[in-house]
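Below you'll find the structure, written out as structure tokens, and then a few comments.
The values are calculated or read from the model by the stated rules, or taken from the named source; none is laboratory data. Since the structure is predicted, the reported quantities are computational estimates derived from the model, not experimental observations. When we count neighbours, we look across all protein chains shown, and the Cβ atoms used for this are built from the backbone with ideal geometry, even at glycine. With ligands, DNA and RNA removed, areas are computed over all heavy atoms of the protein, side chains included. Shrake-Rupley method; radii C 1.70, N 1.55, O 1.52, S 1.80 Å.
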Amino acid sequence: MADEPQSFAAELSTLLNSRPTWTASAEERAAWYDRKADLFNRTAADTSSPGVAGEASDLAEIAREQANRIRRGWSA
């Protein structure tokens, strides 16, 4: 059903399949890392496992930092 939430694996697969190439603009690449951070933030909030939540939060922070570096002109 279209209204049912996707599994983490399905969301991650969609994200990975949408990864921009190096010919994409900096903003397109940064937006992709923002989407990655959003996915891991949702995972951290939705899990009952402290270990998984901590790792997901760490991955979200790394992705958000990468998005910010790209916006400031650093490459990935």
Tally, over region 13-27, of residues that are outside any loop (DSSP other than H, G, I, E, B) and open to solvent by 50 Å² or more (accessible area, probe 1.4 Å): 5
Every residue from region 20-72 that is among the charged types (D, E, K, R), within 13 Å of the chain's Cα centre (by Cα) and within 17 Å of residue 6 (Cβ to Cβ): 35, 36, 38, 42
In region 28-76, the residues that are in contact (Cβ under 8 Å) with a residue 40 or more places away in the chain, among the hydrophobic types (A, V, I, L, M, F, W, C) and surrounded by fewer than 16 Cβ atoms within 10 Å (Cβ to Cβ): 76
